[in-house]
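Read-outs throughout are calculated quantities, based only on the coordinates presented, and are distinct from any laboratory measurement. The structure presented is a predicted model; accordingly, all values stated were derived computationally and were not measured. In this analysis, Cβ positions are derived from the backbone assuming ideal geometry, glycine residues included, and neighbour counts consider all displayed protein chains.
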Amino acid sequence: MFLSVFEIFKVGIGPSSSHTMGPMVAAARFLDHLRGLSFGVAGLRASLHGSLAFTGVGHATDRAVILGLAGFTPEAYDAERAEVALAQIEAEGAVEVDGLGRLSFAPKTDLIFDYGPPLSGHANGMRLMGLDAQGDVIAQEVYYSIGGGFVVTEAELGKPPAQPETLTPFPFETAAQMLDMARASGKSIAQMKRANELTRMGPAALEQGLVRLWQVMRDCIDRGLVTDGILPGGLKVKRRAKAIREALERERGLNLTAPHVINDWISTYAMAVNEENAAGGQVVTAPTNGAAGVVPATIRYWLDHVPGASEARVGEFLLTAAAIGGLVKHNASISGAECGCQAEVGSASAMAAAGLAAVLGGTPEQVENAAEIALEHHLGMTCDPVKGLVQVPCIERNGLGAIKAVSAASLALRGDGSHFMPLDNCIEAMRQTGADMSEKYKETALGGLAVNVPNC
């Protein structure tokens with residue numbers, strides 16, 4: 001099993017990796033599928049199922065599908081060009097597609113929200129169709145957005161992804177294997193992960209990619225810290241990161257603040273990211289959009305508040321975090337629609353705790369312990385976004401996830417790495433809990449906080 005750091009961390013757009021990025025990626029894949037057919041199509045149609053239908057509008061799934069069928073991709077998304085394209089498609093009832101020409105597609109009639117039972121393969125299902133001139137379906141494909149921007153077809157679901165022939169030197173699929181390989185090799189988790197990555201790319205490309213990831217994360221924090229206003233979607237949620245940052249800066253040097261105010265800084269960094277995500281800005285999946293603030297906030301805390309921190313080691317942090325994220329995804333899930341928010345913010349907190357423990361000098365055993373502590377104390381967390389928007393409780397939840405990551409790393413570093421509950425067992429407990437969790441609490445906005453809202 002090999003998941004690259006650039007699969008766990010992907011540059012994309014908000015507000016959701018599974019509901020926005022995934023459907024856009026699926027649309028792009030479907031266009032490629034149509035280009036490979038021996039016959040042409042005259043039009044397009046799409047139907048959204050399960051969680052993609054129930055919370056699709058709040059997550060901008062409809063916009064993502066429309067733009068994806070018009071040729072937009074998350075990594076090259078241009079907000080201004082997207083608005084122009086949306087207006088044009090709405091007015092003309094058609095899209096212009098490279099290699100396919102002008103295809104009929106009227107969003108009001110050709111984009112269907114199916115609120116019936118979800119498709120059998122996953123809670124986030126969508127069916128994309130190619131039509132003939134009479135409007136009959138002559139080509140179709142089912143896609144599942146399985147979290148973190150990952151997309152599979154119905155045929156691919158449940159099958160291991162095709163791997164390049166090159167074998168990785170450290171092919172760990174469990175935390176236990178990871179620790180055994182670390183002991184045998186004398187290498188850190190980041191060093192093993194780096195060696196695996198170098199079988200797929202050169203060192204310069206790896207370093208440039210890691211620098212790029214942190215640049216996008218840092219820029220996202222910075223934008224969120226200086227932007228105020230009301231978030232879109234109808235809840236009228238105010239952006240808070242800018243005001244909190246300004247208050248914290250005014251208090252500096254006044255000797256009036258308690259030590260625990262550092263938690264406010266950590267939360268503010270995370271909230272800045274997730275306010276940008278909620279506004280549809282550029283973020284990095286970490287491992288998802290809904291949990292995109294936890295890892296960047298923990299890195300920013302380390303760089304700005306911990307003596308001896310250096311940006312030169314951010315790559316080590318990211319590689320360690322990606323190793324943990326890969327284990328969670330491989331053995332359980334990072335999808336809120338599949339396992340609740342424990343799979344999103346819980347996984348992100350485990351990744352951040354591991355990365356922080358590593359750059360603070362932790363052994364592989366202490367790093368694994370940090371990840372386990374953070375994940376263990378998110379078990380059972382539901383995904384119940386109000387109005388299907390990635391705002392309440394998601395924005396604050398990232399702040400608390402980052403605080404838990406810092407606490408978990410610190411606690412693990414106070415020990416020798418030995419502990420009662422192995423990370424592998426904790427990941428399995430998360431998977432089982434997700435399987436048992438009611439669908440109301442798995443990103444459908446049908447239970448919990450989503451239905452317990454003020455009447456006014």
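Please rank 390, 314, fewest neighbouring Cβ atoms within 10 Å first, as an exposure proxy.
314, 390
Below 12 angstrom from the Cβ of residue 426, what's the summed charge of the other residues (Lys, Arg +1; Asp, Glu -1)?
So the surrounding residues net to -4.
Would you mind putting 92-102, 439-449, 409-419, 330-340 in packing order, based on average other-beta-carbon counts within 10 Å, highest first?
Ranked from most to least packed, the peptides come out as 330-340, 439-449, 409-419, 92-102.
What is the gain in length, in nm to one decimal, between residue 440 and residue 428 on full extension, counting 0.36 nm per residue of separation less the C-alpha to C-alpha distance?
Gain on extension, residue 440 to residue 428, equals 2.2 nm.
Considering the zone a paramagnetic label at residue 76 would reach in this model (a point 7 Å from Cα along the Cα-to-Cβ line), which residues of the stretch 1-22 have amide N under 17 Å from it?
Label zone hits: 11-13.
If packing is taken as the average count of other Cβ atoms within 10 Å, what order do 245-254, 367-376 fall into, highest mean first?
367-376, 245-254
Excluding residues on the same chain fewer than 8 positions from residue 442, give the lysines whose Cα lies under 30 Å from its Cα.
Within the straight-line limit of under 30 Å, residue 442 reaches these lysines: 10, 108, 159, 236, 238, 329, 387, 404.
Can you work out the FRET efficiency for the pair residue 98 and residue 261, with r the C-beta to C-beta distance and R0 = 51 Å, to the nearest 0.05?
0.45
Going by Cα centres, the stretch 388-456 and the stretch 100-149 are how many Å apart?
Taking the Cα centre of each part, the stretch 388-456 and the stretch 100-149 sit 31 Å apart.
Mind checking the full-extension length gain between residue 212 and residue 140? Use 0.36 nm per residue of separation minus the Cα-Cα distance, one decimal, nm.
Taking residue 212 through residue 140 to full extension adds about 22.3 nm, to one decimal.
Count the net charge of all other residues whose Cβ sits under 12 Å from the Cβ of residue 62, scoring Lys and Arg as +1 and Asp and Glu as -1.
In short, 0.
Assuming 0.36 nm per residue, please report the length gained on full extension of the stretch residue 108 to residue 157 beyond their Cα-Cα distance.
In short, 14.7 nm is gained.
May I ask for the net charge around residue 305, where only other residues with Cβ less than 13 Å from the Cβ of residue 305 are counted and Lys, Arg are +1 while Asp, Glu are -1?
Once all neighbours under 13 Å are counted, the net charge is 0.
Positive end of the dipole of the chain, charges at C-beta (+1 Lys, Arg; -1 Asp, Glu), about the Cα centre: which of 243, 221, 364 has its Cα farthest in that direction?
Of 243, 221, 364, it is 243.
Nearest 10 degrees, 0 to 90: what angle lies between the long axis of helix 262-278 and the longest principal axis of the chain (Cα atoms)?
10
Which entry is the computed mean projected area of the Cα convex hull in nm² for this structure: (i) 28.8; (ii) 22.7; (iii) 41.0?
The listed entry that was calculated here is (ii).
Measure off 7 Å from each Cα along the Cα-to-Cβ vector at residue 449 and residue 247, then give the distance between these two points in nanometres to one decimal.
Taking the simple label geometry, residue 449 and residue 247 are separated by 1.9 nm.
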